[in-house]
Amino acid sequence: MGGAAIAVGGLLVWSGSQRGEPESGVTPAPSTSPTGSPPAQDAGTLQEPEVLASSGGRLELTLTAALTDVVVAGRQVRALTFNGSLPGPILRVRPGDRIALTFRSELDAPTNLHTHGLVVSPEGNSDNVFVMIEPGATFDYEYELGDDHPPGVFWYHPHHHGNSAEQLFSGMYGAIIVEDEEPVAATRERLLMVSDIAFDGTDVHAASAAERILGREGDLVMVNGQVGATLLAKPGERERWRIVNACSSRYLRLRLDGQRMQLLGVDAGRYPEPRDVEEIVLTPGNRGDVMVTAVEGTSVLQTLPFDRGGMGMFGSPPSATTGADLLTFTVAGAPVAVPALAVPLPTTRDLRTEQMTGQRTITLAMGGGGGGGMRFTIDGQEFGEDRIDTEVAHGALEEWTIVNTSPMDHPFHLHVWPMQLIEVAGQAVDHTDWRDVVPVSARSSTVVRIAFEGLTGKTVYHCHILDHEDNGMMGTIRTA
Ligand code: C2O
Ligand code: CU
Ligand code: CU
């Protein structure tokens with residue numbers, strides 16, 4: 001594959017276009033300024049990862065995970081990458097396709113791969129998180145997408161229990177796009193893969209014990225591996241932005257003041273109609289499918305501070321995530337006529353109108369463990385891969401109440417079967433909203449409905465603050 005060479009070429013372009021102070025990449029958002037200020041560092045135009053597209057119903061590729069020299073915010077550093085680039089390549093496929101993916105690990109710790117949100121089998125050599133790939137080993141994954149697979153943006157990342165947060169934080173992520181059967185009209189489409197990272201010298205910061213409890217966050221917030229990149233458009237142009245929150249723990253609370261944003265849906269869910277929004281909150285793992293209509297002027301895509309709770313024991317509110325400026329969107333030139341927003345209407349199922357066959361409560365908790373440690377549990381237990389925590393009959397329609405008794409937020413993720421958001425903190429959701437990660441705030445609860453149809457098998461649900469998952473906040477489910 002010529003992938004690595006192209007990707008390395010991409011990095012050279014990025015490094016060549018980066019100017020300014022090496023240390024100036026961090027630009028905390030001034031939360032007092034509604035429009036933000038342009039990032040201090042000009043990292044050049046936003047680049048997108050290499051695209052590997054299927055043809056004839058098949059995509060074959062090799063993903064090599066390795067410690068790699070990259071340039072981040074103008075500094076030469078070392079990160080874990082897929083095929084040498086940060087992020088890894090975009091996999092672009094269609095419903096009905098097969099993906100044959102050879103995973104080569106050049107890491108020094110066990111790993112594996114998860115195709116987050118894809119509705120594919122969780123067993124065998126498909127999206128099986130119980131697979132373990134030893135250092136130096138190769139594993140052949142094969143994913144089969146149904147003809148009715150939902151379109152949208154998905155992503156891949158490591159999922160080996162115990163080190164998924166560290167490997168994700170260190171740079172192992174990439175996007176998967178499943179194309180629409182009927183294209184959504186837009187002037188152009190962009191991928192914005194948002195991730196955070198931090199370095200100690202030239203190496204990725206190793207999280208402290210406290211950071212592993214709170215959920216590690218990096219001081220550098222990147223889009224497609226760049227800090228402070230720029231985008232250009234003409235007034236009236238309509239762009240489709242697929243925004244992925246690939247941060248290990250950071251919530252994104254996005255604003256693009258001065259521009260018009262319409263949310264088509266979160267994750268693979270598509271709203272019955274686009275919703276005008278000023279802010280988009282994406283938990284770790286979430287994706288936003290956004291239409292941006294360009295208005296003359298310069299706007300900054302910001303993520304605002306978000307308080308996801310904390311532990312009083314550390315004597316500070318350490319998880320009150322700071323904001324950051326993500327990129328500058330400059331709209332100038334001769335205006336173009338705004339095309340009508342024609343979004344093919346999805347046939348979105350609404351489980352609010354259907355009779356449920358069962359109900360469950362899932363309880364997320366944190367508590368003191370022995371020896372001053374902290375236990376992260378689901379229904380009183382830490383993760384045990386040989387146990388089955390939840391058995392569901394194929395075809396069941398269930399309502400789950402996810403209760404969070406802890407002082408921190410826990411975004412709840414279920415593999416394979418999407419969840420319809422019904423109620424958040426006692427507030428009924430007034431529109432059809434399907435997601436694969438739902439927010440569950442501190443000392444609060446979230447109600448979802450799930451159709452256990454289509455695929456069967458054993459897989460997991462967990463907190464998508466991956467430090468919490470690594471610490472045990474994960475359960476197993478089998479549908480048969
Ligand atoms: Cu994106 Cu089980 O995770
Ligand atoms: Cu997932
Ligand atoms: Cu959590």
### Query
Restricting to the chain, what percent of DSSP beta bridges are antiparallel, rounded to 5?
70 percent
### Query
When the accessible area of the stretch 331-480 is split by element with a 1.4 Å probe, what percent falls to carbon and sulfur?
50 percent
### Query
With charges only on Cβ, +1 for K and R and -1 for D and E, what is the dipole size of the stretch 51-178 about its Cα centre, in debye, rounded to 20?
460 debye
## Note on the structure
Note on the stretch 291-439: alpha-carbon gyration tensor, axes a ≥ b ≥ c; rule is a/c under 1.5 for rounded, else prolate if a/b larger than b/c, else oblate; result oblate
### Query
Given only helices, namely DSSP H runs of n ≥ 4 each adding -39500 (n - 2.57), what is the per-residue ellipticity at 222 nm of the chain, to the nearest 500 deg cm²/dmol?
-2000 deg cm²/dmol
### Summary
One finds the C-alpha centres of the stretch 331-399 and the stretch 106-154 to be spaced, in Å, by 19 Å
### Query
Between the stretch 173-213 and the stretch 220-237, what's the alpha-carbon centroid distance in Å?
14 Å
### Message
Placing +1 on the Cβ of each Lys and Arg and -1 on the Cβ of each Asp and Glu in the stretch 355-459, which of Phe383, Gln420, Thr456 has its Cα farthest towards the positive end of the resulting dipole?
### Response
Phe383
### Query
Which of the listed residues, Val153, Ala209, Val184, is farthest toward the dipole's positive end in the stretch 146-209, when Lys, Arg count +1 and Asp, Glu count -1 at the beta-carbon?
Ala209
### Message
Tell me whether the chain comes out rounded, prolate or oblate; compute the Cα gyration tensor, take square roots of the eigenvalues as a ≥ b ≥ c, and use a/c under 1.5 as the rounded threshold.
### Response
rounded
### Summary
The answer for the chain, accessible area per residue at 1.4 Å probe in Å², is 37 Å²
### Task
Give the peptides 375-388, 84-97 in descending order of average Cβ contacts within 10 Å, highest first.
84-97, 375-388
### Accessible-area composition of the stretch 51-178, carbon plus sulfur, in percent [1.4 Å probe]
43 percent
### Query
Is the shape of the stretch 351-479 best called rounded, prolate or oblate, per the rule: a/c under 1.5 gives rounded, else a/b larger than b/c gives prolate, else oblate, with a ≥ b ≥ c the square roots of the Cα gyration tensor eigenvalues?
oblate
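The values are calculated or read from the model by the stated rules, or taken from the named source; none is laboratory data. Quick caveat: nothing in here was measured; it's all calculated off a predicted structure. Neighbour counts are summed over all protein chains in view; Cβ atoms, including those assigned to glycine, are modelled from backbone coordinates with ideal geometry. Each accessible area value is taken on the protein alone, full model and side chains, heavy atoms only, with ligands, DNA and RNA left out. Shrake-Rupley method; radii C 1.70, N 1.55, O 1.52, S 1.80 Å.
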